[in-house]
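Worksheet: one structure, shown below.
The values are calculated or read from the model by the stated rules, or taken from the named source; none is laboratory data. All figures in this text were calculated on a predicted structure; none of them were measured in a lab. Here the Cβ positions follow ideal geometry from the backbone for every residue, glycine too, while neighbour counts run over all protein chains shown.
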Amino acid sequence: MTASWSAPLNAFSGKLTALAKLPQEVAETVEDELKKQVQADFNRGKDPYGEAWTKRKKAYPWPIMRKSKTTLNSYAFNAKGKTIVARNTSPWAKYHQKGTSTLPIRMVLPEGGVLPKTWNRIISKQIRRTFKKIFK
């Protein structure tokens, strides 16, 4: 006599297939949350790690980097496979991000391969949500 049960293994196989897609799904679902985080940090005048931007030497009637709001409104996030790509189309964003000999660094996007705690929380939360959805 022979007996076999493939249904549980097929179900598990389907979950493993879905699990393999988890990084891409997470990348696609955190785009908006990361953009909101950038906007929140920007409005507080802080870099992604919570450090305040260098104050100006001279006072102006508008907040730093918000005279026209072009820089703030030019950030976009896109998932490319398992990677999240952030970009800014404003011509001067790169000068604020990296600084120059006359302009202090006013970082908006994380650098150096270390994600800020706020970004890690956003991504980790979505990983947990997606994992629970797969294995419910």
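Counting only residues that are surrounded by fewer than 16 Cβ atoms within 10 Å (Cβ to Cβ) and among the charged types (D, E, K, R), how many does the stretch 9-27 have?
2
For the stretch 25-82, which positions are in a helix (DSSP H, G or I), of a type in the set (Gly, Ala, Ser) and within 12 Å of the chain's Cα centre (by Cα)?
Ala27
Return yes or no: is Lys132 at pLDDT below 90, of a type in the set (D, E, K, R) and in a loop (DSSP other than H, G, I, E, B)?
No, not satisfied.
Quick one: is Ala40 without any contact (Cβ under 8 Å) to a residue 12 or more places away in the chain, out of contact with any strand residue (DSSP E or B) (no Cβ under 7 Å at 6 or more places or on another chain) and more than 24 Å from Ile105 (Cα to Cα)?
No; evaluated as a whole, the condition is false for this residue.
Tell me which residues, restricted to the stretch 86-123, are surrounded by 12 or more Cβ atoms within 10 Å (Cβ to Cβ) and either touching a Cys at 6+ places or on another chain (Cβ under 8 Å) or aliphatic (A, V, I, L, M) (or both).
Residues satisfying the conditions are Ala86, Ala93, Leu103, Ile105, Met107, Val108, Leu109, Leu115, Ile122, Ile123.
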